[in-house]
1. How do 288-299, 198-209 rank on mean C-beta neighbours within 10 Å, highest first?
2. What is the order of 94, 242, 309, fewest Cβ neighbours within 10 Å to most?
3. With n ≥ 4 as the cut-off for DSSP H runs, can you work out [θ] at 222 nm for the chain, using -39500 (n - 2.57) per run divided by the number of residues, rounded to the nearest 500?
4. What does the charge dipole of the stretch 160-246 about its Cα centre add up to, to the nearest 20 debye, if the Cβ of each Lys and Arg holds +1 and the Cβ of each Asp and Glu holds -1?
5. Read phi for every residue in the stretch 410-417 and hand back ³J(HN,Hα) as whole Hz from Karplus 6.51 cos²θ - 1.76 cosθ + 1.60, θ = phi - 60°, with x for Gly and Pro.
6. In the chain, with Lys and Arg counted as +1 and Asp and Glu as -1 at Cβ, which of these residues, 90, 67, 147, has the Cα nearest the positive end of the dipole, that is, farthest along it?
7. Can you tell me the relative contact order of the chain? Whole percent, Cα pairs under 8 Å, sequence separation 6 or more.
8. What are the equivalent ellipsoid semi-axes of the chain, built from the alpha-carbon gyration tensor (square roots of five times its eigenvalues), in whole angstrom, biggest first?
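Derivation of every value follows stated rules applied to the coordinates shown; laboratory data play no part. This structure is a prediction, so every number in the text was calculated from the model and none was measured. Positions of Cβ are generated from backbone atoms using ideal geometry, with glycine treated the same way; all protein chains shown enter the neighbour counts.
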Amino acid sequence: MPKRQSSAQAETIASTAVAPVREKRRAREVGAETPIENVPRRTRARRPAKPREVDLVVIGGGSGGVATARRAASLGARTVLVERDAIGGTCVHRGCVPKKMLSYGASWASILSTCLSHTGGKEDWSDAIVRVNAEVARLTASFSQRLHESGVEILHGDAEIAAPGEVRIGNETIRARKIVVATGAHPRPLEVPGGELVSTSDDVFTWQSVPGSLVVIGGGYIAVEQASILARYGVKVDLLVREDRLLSRFDHDIAQSLAEALTRKGVRVHFNTAVTLISQANGAYEVCYTQNDRKQSVRAQAVLAAIGRDPNVQGLGLEALDIEFGDNGGIRVDRQFRTSVRGLHAIGDCTDSLQLTPVAVAQGRWLADRLFGKRGDMADLEVVPTAVFSEPAVGAVGLTEAEAIEAAGKPERIRTEIRRFVSLENRFGGMAQPSVFKLVFNARSGRVLGAHLLDNAAPEIVQVFALALRLGVKASHLKTTLALHPTVAEELFG
Ligand code: NDP
């Protein structure tokens, strides 16, 4: 896991644009990976360079920023991408990729230890983290390589928007016809006394070993995923959830079955909790909380808070530009990703939209197409497939039962079908863990409005089901489509 550069380091590295050779050496000394790439020769001039002109500056080298920059450059735009850290952003370094790989390791560990207990089949954290880091390094190099091949110039450093159409990186100023902010988000701090003591999901991927016990605070995507992954690596996990259920934006039947599954796998789930204080003594943490007005506490070797992610909007000079912000503190944009400042756009997690990698990528590609000449089709952001990579995993697309009833106005206008079954995979592993498939229909037309699945195959099934939903699939289509046997997906057909 590459360490985040301090701003002082980042500034030093940014000044490479003025004297690349000397600064490249200095940057190597402070441990930067690739101080600057594709710097044009003319920037070696000793005199302060006049602001050079480009068509687009993208601030942020995560999934959204990379997609925007590559698409714009492929359309002929002279494109600069500024990133203060390693290319790849949260998804590659602190999110989707390392999380999913750790989850594979954890699943294999539990399958091997159940089925091959007599041979002592085992996957441990230190082994898994080596595999994860190797893949993250491969992806980082591949992202940079593909940006180069597309003709994008990468500058490393902190970008500040000095004025509309003007971006400052260290000593260099670049004038750009368009600017796209794609700076992502960071873990929300826990605002209670001692809140600064807790780890966040960013830290987990840097752990060289796992704690013996852990308190996880939160009931959303990250809290559930990390509780599930770490429990399978042998950590004793207490999950403190402030609601009376997990995953408040998912279907209630799926959330309830998932809570039961996590409990069965040893996670102690505590609902209706409010954390009040965190303290540290004798090598352990104590988390004090109230539950239904009763004071409680739990001790553990580590505490992880996953209570949402706040948009990265600080230090960009946005306040001085009178930018408007949404309720979540993200940059407010219209349907064409325009901010309130002409020529300044924003996409992805730093805005007030859904914080999902494919959403940022779709927004960035569409925006680059629009800005540089080609009118592309926007992905349908009404039908967003999503997954929680716990064990079992959750996959969902479309309306939950509660959302469908609210949209229809009356419960009788909505019909649901729910199937609970034990998959062959779980039978083989000797586990009676039920899978749950729930479909939500328009009662009159039979049109499928939502699919909510709990099974390790759920994310893969839901990806294809998103297409079916967009094409208006009905109950009758599902009944008359031949099932593929033996799969878990066949439970949706026939
Ligand atoms: P989520 O918004 O998913 O969940 C936040 C959780 O924390 C909710 O249960 C929320 O409760 C709770 N919470 C909020 N404030 C507090 C507080 N002060 N004390 C205790 N609990 C609190 O955020 P995450 O951090 O899990 O993830 C951030 C985003 O990243 C997600 O929304 C998702 O978009 C994205 N993500 C996607 C993944 C995927 O696609 N698999 C994986 C990881 C992240 P309440 O419900 O009451 O608000």
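1. Order by mean packing, descending: 198-209, 288-299.
2. 242, 309, 94
3. Using -39500 (n - 2.57) per qualifying helix, the result is -9500 deg cm²/dmol.
4. 320
5. For the stretch 410-417, the Karplus-derived couplings read 9, x, 5, 7, 10, 10, 10, 10 Hz, x marking Gly and Pro.
6. Positive-most Cα among the choices belongs to 147.
7. 14
8. Output for the chain: semi-axes of 41, 29, 22 Å.
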